[in-house]
Amino acid sequence: MTDDEAIALALAEAEAAAMRGEVPVGAVLVDGEGAVIAQDGNRILELSDPTAHAEMVVMRMAARKLANERLIGTTLYVTLEPCAMCTGAISLARVARLVFAADDPKGGAVLHGPKFFEQPTCHHRPVVARAGDAVQASEQLKAFFRARRTP
């Protein structure tokens with residue numbers, strides 16, 4: 001599976017999240033061979049859980065499926081730059097690669113804000129890459145919030 005194909009799956013999960021009334025962010029975790037281990041979108045409202053970001057949900061699913069909290073050799077694909085909570089969890093899970101589509105200048109913690117993986121206290125730094133249609137991922141979010149603001 002290519003990076004763009006995996007991001008396309010994540011975008012579909014983001015769309016499904018939006019249909020559930022969740023902020024449209026999707027994530028897909030694949031193993032070293034490119035096989036999908038887990039995929040999902042935000043479930044914060046559904047689960048009444050402020051930590052149920054797409055990345056967290058997918059890493060939890062994968063850890064249970066693999067019976068291991070370490071997700072060594074995996075790649076996490078996300079439609080939006082992960083926040084500080086998710087980047088911390090990505091580091092703790094030892095995800096090998098992180099690939100995301102859209103920047104998040106307000107809440108992102110990879111290229112923006114705390115730049116978590118650049119901190120000396122970060123014990124594991126995944127390879128970070130960009131892929132997919134950043135414009136589509138960004139527009140999904142903008143459309144979602146625009147619809148919420150329109151009376």
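The values are calculated or read from the model by the stated rules, or taken from the named source; none is laboratory data. Everything quoted here is computed from the prediction, not taken from an experiment. Here Cβ is always computed from backbone atoms with ideal geometry, including for glycine, and neighbour counts include all displayed protein chains. To get the accessible areas, we keep the full protein, side chains included, count just its heavy atoms, and leave off ligands, DNA and RNA. Shrake-Rupley method; radii C 1.70, N 1.55, O 1.52, S 1.80 Å.
A few remarks follow.
- Residue identified as surrounded by fewer than 23 Cβ atoms within 10 Å (Cβ to Cβ) and under 22 Å from E22 (Cα atoms) among P120, P105, P114, P126: P105
- Condition met for H112 (out of contact with any Asp or Glu (no Cβ under 9 Å at 6 or more places or on another chain) and free of Cβ contacts under 8 Å to residues at least 60 places away in the same chain): no
- If you check A101, A109, A84 for being closer than 17 Å to D4 by Cβ and not polar (S, T, N, Q), only one passes: A101.
- Hits in region 115-137 (condition: closer than 27 Å to T2 by Cβ, part of a helix (DSSP H, G or I) and either of a type in the set (D, E) or touching a residue at least 40 places away in the same chain (Cβ under 8 Å) (or both)): Q136, A137
- Residue count for region 39-80 under the criterion of being open to solvent by 60 Å² or more (accessible area, probe 1.4 Å) and outside any helix (DSSP H, G or I): the result is 8.
- Beta carbons closer than 7 Å, at least 6 apart along the sequence or on distinct chains, pair a first residue in region 63-82 that is among the basic types (K, R) with a second that is not in a helix (DSSP H, G or I) for K65/I37; K65/A38; R70/R94.
- Per the conditions (1) in a loop (DSSP other than H, G, I, E, B); (2) farther than 22 Å from Q39 by Cβ; (3) at pLDDT below 95, the sole criterion not satisfied by R146 is (1).
- The residues of region 1-38 that are under 21 Å from K142 (Cβ atoms), assigned to a helix (DSSP H, G or I) and open to solvent by less than 20 Å² (accessible area, probe 1.4 Å), listed by number, are I7, A10, L11, A14, A17.
- Number of residues in region 129-141 that are under 11 Å from R97 (Cβ atoms) and either of a type in the set (D, E) or surrounded by 15 or more Cβ atoms within 10 Å (Cβ to Cβ) (or both) equals 1.
- Test: residue in region 47-56 that is hydrophobic (A, V, I, L, M, F, W, C) and within 21 Å of A129 (Cα to Cα): yes
- Condition met for G26 (modelled with pLDDT of 95 or more and over 10 Å from the mean Cα position of the chain (by Cα)): no
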